[in-house]
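The values are calculated or read from the model by the stated rules, or taken from the named source; none is laboratory data. As the structure is a prediction and not an experimental result, all values here were calculated from the model. Cβ sites come from the backbone with ideal geometry, for glycine too, and all protein chains shown count toward neighbours. Protein only, heavy atoms only, side chains kept; ligands, DNA and RNA dropped before computing areas. Shrake-Rupley method; radii C 1.70, N 1.55, O 1.52, S 1.80 Å.
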Amino acid sequence: MAVISRDRTDKDSPVHDPLLPWLRSIKKSLDALNSSDHGGTDLDELISNCIRTFKTDGRYRNDVRFLKIWFLHMDASPDFESVFREMEQNQMCVNNSMLYESYALFLEAKGKLTDALVVYQLGISRNAEPLERLKKAKALFCDRMSEIVNACSLEKKGDTGSIENDKSCINPWSISIVKDLLRKMHSEISKYDGYHSSTKAYSGKVALSSLQKSARNKVVEIGGKKYQIKGCAGQGGFAQVFKAYVNSNPDDVVALKIQKPAFPWEFYIYRQLDKRIPDKERSSFGCAHRVHLYSDYSILVCDYLSHGTLQDAINSSVVIGEFMEEVLCMYYTIEMLYMLETLHSAGMVHGDFKPDNLLIRYPRDDLTEDGFRDRTGPWLDQGLCLVDWGRGIDLSLFPDKTEFKGDCRTSGFRCVEMQENKPWTFQVDTYGLCVIVHMMLHNSYMEIDKKSSSDGGYLYLPKSSFKRYWQVDLWKNLFTKLLNVNPSENHKELLKNLRESFQDYICSNPSLIKMLKQLLVKQRTSLCSA
């Protein structure tokens, strides 16, 4: 749950902020729901009681934390439209663009596209702030709808697009491009271990369309195995991810990614990772065991990691009005830089680099003070795991030095080049890294300024200022280099040098590694307390 706190003051305590204990209880209940066998009844009751207690309290009328609680309530309600009407009646953040953007995205996920457009227009007509952000969100929504319309047109006309037809301006996520690549590689992909394909529709006893967050303990049969659904681990407009026990065995847990229409591309990317990523680093990039393709659905069976995401780690600080310790921010920055260094050297781009897609890994054994720099011993198993490869790009499938012009359409993660309609390659990932670092440091998404530089050009830099007691030179160097990529610079060396600058700082003071160990243990206790 992405609960955002207000600016921290000395008065932020349960006495002056009665909502805070409720937020903590709801977060604890959410964690328990995601990692245990308890149902969601207690959570639903807790959320309902919270709303009933504070919905007429003027202190929280414009509090985005309380707004998030309303949306949790909406998500569990069969009549979500009445929940929105009640929010309006109680004047819940009606001047905040987040109300309209969040509800429109909710409607979009439900397939109510016309209603979603109306909500965007309602917020704009009310001049909800920040207005420019809401207008951009509406524009991105319209782009997504245009892509769906274009895709339908391609289906009707026959998809004849190919890479060779347009080498100068390629959208790697274009439906026509992906279909062309899959068609050419079908004979190769069909030989991959774990590839199972059928021309028939999925015909299991439990309809896949019936699986929702409340579908706990339903059993779906796939490829001769029975998967007992234990909870929803994530969902988007076209796919849902579920935690499941294989043959009802709680010691054999997997993640099922169920997608409509069928989408074999992600399985292809996972098998390329198997081939190209060195064994030592392979655990940082997720693992797919098999894929089952039907005429209507695809089901990807992957490893399940139960320790939460980097977004959860950020939220665990935000929800109580605190900030992630700088040495912990540095550690995760090192991990991400190393990850992209490895990935990009293998000729791969993730394309959707954000904290929700970075799962946290913990070692079985206690961390030692040795092995931090070279990632040996328990430090090898400690770190992050990058998942969700639906937007993965295999550079080897494109002509040398190809640049792309597709738009990821993920609000807050569109790199400078996308914003200015310029070509890009690795920037889609490195910009995402900068946004994540900004979220860890500032508890907010990154906004950038275009500033004049001494050489007569310009530089892109974050609007937010750095705290005096931070290692300002390190952070400023990171953002300056990654937001202003020099095409002539060696990309791998750039990432390596940035990573080593943070490693050198931490290793220069043994007390920092000791502090980092303690913070990771504390974080693990907090995220896995359920």
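Compute the Cα gyration tensor for the stretch 431-530, then decide on rounded, prolate or oblate, letting a ≥ b ≥ c be the square roots of its eigenvalues: rounded whenever a/c is under 1.5, prolate when a/b is larger than b/c in the other cases, and oblate in all that remain. The shape class here is prolate.
Between the amide H of LEU384 and those of ARG361, distances stay under 5 Å, these residues lying 5 or more places away or on another chain, with hydrogens modeled in the peptide plane.
Charge tally for ASN315 (other residues, Cβ to Cβ under 14 Å; Lys, Arg +1; Asp, Glu -1): +2. Shape call for the stretch 488-529 from the C-alpha gyration tensor, a ≥ b ≥ c root eigenvalues: rounded (a/c under 1.5), prolate (a/b greater than b/c) or oblate? Oblate shape, in that a/c is at least 1.5 and b/c is the bigger or equal ratio. One entry in (1) 27.6; (2) 29.9; (3) 25.7 is mean projected area of the Cα convex hull in nm² calculated from the shown coordinates; its label is (3). Per residue of the chain, the DSSP helices (runs of n ≥ 4 H) give a summed -39500 (n - 2.57) that works out to -14000 deg cm²/dmol at 222 nm.
Can you flag which of LYS138/LYS230; LYS112/LYS422; LYS138/LYS463; LYS184/LYS205; LYS184/LYS260 are past 28 Å Cα-Cα? Violating the 28 Å limit, Cα to Cα: LYS138/LYS230; LYS112/LYS422; LYS184/LYS205. Put simply, the amide H of TYR304, placed in the peptide plane, has neighbours under 5 Å in ALA255, leaving out anything fewer than 5 places away on its chain. When all protein chains stay in place and ligands, DNA and RNA are ignored, the 1.4 Å accessible-area order of TYR505, TYR100, TYR294, largest first, is TYR505, TYR294, TYR100. Largest to smallest in accessible area, the residues LYS226, LYS522, LYS243 fall in the order LYS522, LYS226, LYS243 (1.4 Å probe, all protein chains included).
Here the label points at LYS191 and ASN249, each 7 Å from Cα along the C-beta direction, are separated by 3.1 nm in the simple model.
Kindly state, to the nearest 0.05, the FRET efficiency for THR56 paired with SER453, given R0 = 30 Å and r defined as their beta-carbon distance. About 0.05, to the nearest 0.05. For the chain, the membrane-span-like helices by this rule, meaning whole DSSP H stretches whose C-alpha atoms cover at least 15 Å of axis and whose Kyte-Doolittle mean is -0.5 or above, are 19-35, 41-54, 64-76, 97-109, 113-125, 131-157, 175-189, 326-345, 427-442, 472-483, 510-527; this says nothing about an actual membrane.
Between SER508 and THR480, the distance separating the two model label sites (each 7 Å from Cα on the Cα→Cβ line) works out to 1.6 nm. For LYS275, neighbours were defined as the other residues whose beta-carbon sits under 14 Å from its Cβ, and their charges (Lys and Arg +1, Asp and Glu -1) total -2. Per-residue surface analysis assigns PHE466 an accessible area of about 50 Å², computed on protein heavy atoms at 1.4 Å probe radius. Accessible surface ranking for THR425, THR56, THR333, 1.4 angstrom probe, highest first: THR56, THR425, THR333. SER48 sits among other residues whose Cβ lies under 14 Å from its own Cβ, and their net charge, with Lys and Arg +1 and Asp and Glu -1, is -4. Quick one: grab the alpha carbon gyration tensor of the stretch 251-291, order the square roots of its eigenvalues as a ≥ b ≥ c, and give me rounded if a/c is under 1.5, else prolate or oblate depending on whether a/b is larger than b/c. Judged from the Cα gyration tensor, the stretch 251-291 comes out oblate (a/c at least 1.5, b/c at or above a/b).
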